[in-house]
Amino acid sequence: MKSIMISFLSGLIFAAGLSISGMTNPEKVIGFLDLFGNWDASLAFVMIGAISLNFFTFKKITQKKPLYSDSHSLPTKSNIDLKLFLGAALFGMGWGILGICPGPAIVNLVTLDSNAILFVISMTAGMSLFKILDKLKVV
Amino acid sequence: MNSFILPLIGGLLIGVSSSLMLWGLGKISGISGIYSSLLSPNNESYWKYSFMLGLIAGGIILNSLYSDVLFDYQITGSAPRVIVAGLLVGFGTRLGNGCTSGHGVCGIPRLAKRSVFATLTFIAFGIGIVAIEGAVK
């Protein structure tokens, strides 16, 4: 029960961070990616804030067992391969086209905006397509 | 001043959220991974549902209190454009095992090679697309 409360609280704070920072606003995101045009550097501070805090806390946290679990579930892969490159490249293109990544996509659903809903449906379809191709061992 | 104070506060909150998740449950807050794994749930998915519910609840609370400040924007784009962007984001984040939250917010602080590489790659391709569109306009 406590672990459910913690992950709920974590989601709540994450949503607050995304909307307060401006990450949910596609105009801001496109402005950040418009490095060679009318560059708006402000969203760089979202990454600076999150990464610098986690740099210290993650180190401390992973020295001890988690509160409500036996161990930390951290990714174990360490090799850079073509899949990682192509995946990140395709994601970056989609992000640059509309200015929305997965977290903000979910939070933006609460506005009931038709494009926000269409985006999440399409994103879900893209993920499902990957799952199918992955099962068929095509990718 | 506001132009970087709010992003910084928001970024710190995102850091607090992902630290809380790692401290309490030992999990990485990778939103594309959490969301997509709910498409084929198993009996260990409870924390994923509650995280997603928290994300939505947070959005609802902020939208009802501060919609004119925090949600004062439009998602502009034709339907085909929105669909293509969504498909690329969905497919790409699964092929590349993560998005801005998993690779960027959680992977870079651990100095994970794959995450540093993925983050630089998706930012570079995002910049590339925006630059190409700017040149075409």
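The values are calculated or read from the model by the stated rules, or taken from the named source; none is laboratory data. These figures come from a predicted structure and were not determined experimentally. Backbone-built Cβ (ideal geometry, glycine too); neighbour counts: all protein chains shown. Areas reflect the complete protein model, heavy atoms only, side chains present, ligands, DNA and RNA absent. Shrake-Rupley method; radii C 1.70, N 1.55, O 1.52, S 1.80 Å.
What the table shows:
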{"read-out": "Of all residues in the stretch A:115-139 being without any contact (Cβ under 8 Å) to a residue 40 or more places away in the chain and either of a type in the set (Phe, Trp, Tyr) or not in a helix (DSSP H, G or I) (or both), the one that is least open to solvent (accessible area, probe 1.4 Å)", "value": "A:Phe119"}
{"read-out": "Checking B:Leu87 against (1) open to solvent by 30 Å² or more (accessible area, probe 1.4 Å); (2) assigned to a helix (DSSP H, G or I); (3) more than 19 Å from A:Met127 (Cα to Cα), the condition it does not meet", "value": "(3)"}
{"read-out": "Which numbered condition B:Tyr73 misses (of (1) more than 25 Å from A:Asn38 (Cα to Cα); (2) facing chain A (nearest Cβ under 7 Å))", "value": "(1)"}
{"read-out": "Filtered residues of the stretch B:23-50 (kept if more than 9 Å from chain A (Cβ to nearest Cβ), open to solvent by 20 Å² or more (accessible area, probe 1.4 Å) and in a loop (DSSP other than H, G, I, E, B))", "value": "B:Leu38, B:Pro41, B:Asn42, B:Asn43, B:Glu44"}
{"read-out": "Exclusive hit being free of Cβ contacts under 8 Å to residues at least 12 places away in the same chain and either within 24 Å of B:Ser115 (Cβ to Cβ) or of a type in the set (D, E, K, R) (or both), set B:Leu55, B:Leu6, B:Leu13", "value": "B:Leu13"}
{"read-out": "Candidates A:Lys83, A:Lys28 - the one that is more than 7 Å from every other protein chain (Cβ to nearest Cβ), open to solvent by 50 Å² or more (accessible area, probe 1.4 Å) and either of a type outside the set (Ser, Thr, Tyr) or assigned to a helix (DSSP H, G or I) (or both)", "value": "A:Lys28"}
